[in-house]
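The values are calculated or read from the model by the stated rules, or taken from the named source; none is laboratory data. Given the structure is predicted, the values throughout are model-derived calculations rather than measurements. Counting neighbours? That spans all protein chains shown, and the Cβs are built from the backbone with ideal geometry, glycine included.
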Amino acid sequence: MVILPVTSINAGVSLMSVILPDLLDNIHILASASRSAVGIAHEMNVEEGAVINPILCQVANQSTLIMMAGDKACDAAQVCRVLNIKGSVTTLGNEAIVALTGSDIDDLFVLELAQGMPTILDASLKRFVMLYSRAGSPKCLIETTFNELKILTGGIISYAVASPAWHPPKK
């Protein structure tokens, strides 16, 4: 893993410099362009669940971003319930994602995308001290915490979207 100075990061970072300047110190450039949370986690030497898996979907004709832990599947049946709307959920394929965002799924700057649409945060992400999210390139990741993620996205925290549903350990 190589950490590059701010001047060598792509244009997506300018948004981050406005939103939360401290995150600029947390940009990671991967040696390879892995598509999977497993591959990214292996290269970063972190747990698979700490790598955010972004899922873009249409929920009752509204684009929605779901930020899932890399080791969890999304329970699509719960998405409408979490948003408190009636309708169906359709996961968008890469062609539809490009039409919606202008970027391939691997080139999404997920934190920027969350600014423009309803966002659901998988509560199981709370298990990790640090989280890693795509930042505008298949090789570029931004390291953040769950609390920073809540602030940056304004997302709805859901214990129901992880399949099977995740619940914090009982004390």
Kindly list the number of the only condition in (1) within 15 Å of the chain's Cα centre (by Cα); (2) farther than 20 Å from ALA162 by Cα that fails for GLY39. (1)
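Just to be sure before I move on: is SER158 modelled with pLDDT of 90 or more and touching an Asp or Glu at 6+ places or on another chain (Cβ under 8 Å) in the structure I sent?
Yes: the conditions hold for SER158.
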Tally up the residues in the range 107-128 that are farther than 20 Å from LYS72 by Cβ and charged (D, E, K, R), please. 2
Could we say that GLY87 is in contact (Cβ under 8 Å) with a residue 12 or more places away in the chain and either within 23 Å of HIS42 (Cα to Cα) or surrounded by fewer than 20 Cβ atoms within 10 Å (Cβ to Cβ) (or both) here? yes
Just to be sure I understand the filter: pairs with C-beta atoms under 8 Å, separated by 6 or more residues or on different chains, first member in the range 130-150 and acidic (Asp, Glu), second member modelled with pLDDT of 85 or more. Which pairs pass? GLU143/MET130; GLU143/LEU131; GLU143/TYR132
Under 8 Å between Cβ atoms, at least 6 apart or on separate chains: pull out the pairs that start in the range 107-126 with a residue that is within 15 Å of THR144 (Cα to Cα) and touching a residue at least 40 places away in the same chain (Cβ under 8 Å) and end on any residue that is in a helix (DSSP H, G or I) and of a type in the set (Ser, Thr, Tyr). LEU111/THR153; ALA114/THR153; LEU121/THR153
Identify the residue in the range 105-145 that is of a type in the set (D, E, K, R) and in contact with a helix residue (DSSP H, G or I) (Cβ under 6 Å, 6 or more places away or on another chain) and, among all such residues, is nearest to SER163 (Cα to Cα). LYS126
Failed criterion for PHE146 (all others in (1) farther than 24 Å from ASN45 by Cβ; (2) under 15 Å from the mean Cα position of the chain (by Cα); (3) of a type in the set (Phe, Trp, Tyr) hold): (1)
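Among the residues of the range 119-148, how many are at pLDDT 90 or above and under 24 Å from ILE97 (Cβ atoms)?
Just the residues of the range 119-148 that are at pLDDT 90 or above, to begin with: 119-131, 145-147.
Okay, now just the ones that are also under 24 Å from ILE97 (Cβ atoms), so 119-122, 124-125, 131.
Of the residues in that region, 7 qualify.
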Considering only residues of the range 92-130 that are surrounded by 14 or more Cβ atoms within 10 Å (Cβ to Cβ) and polar (S, T, N, Q), which is nearest to the chain's Cα centre (by Cα)? THR119
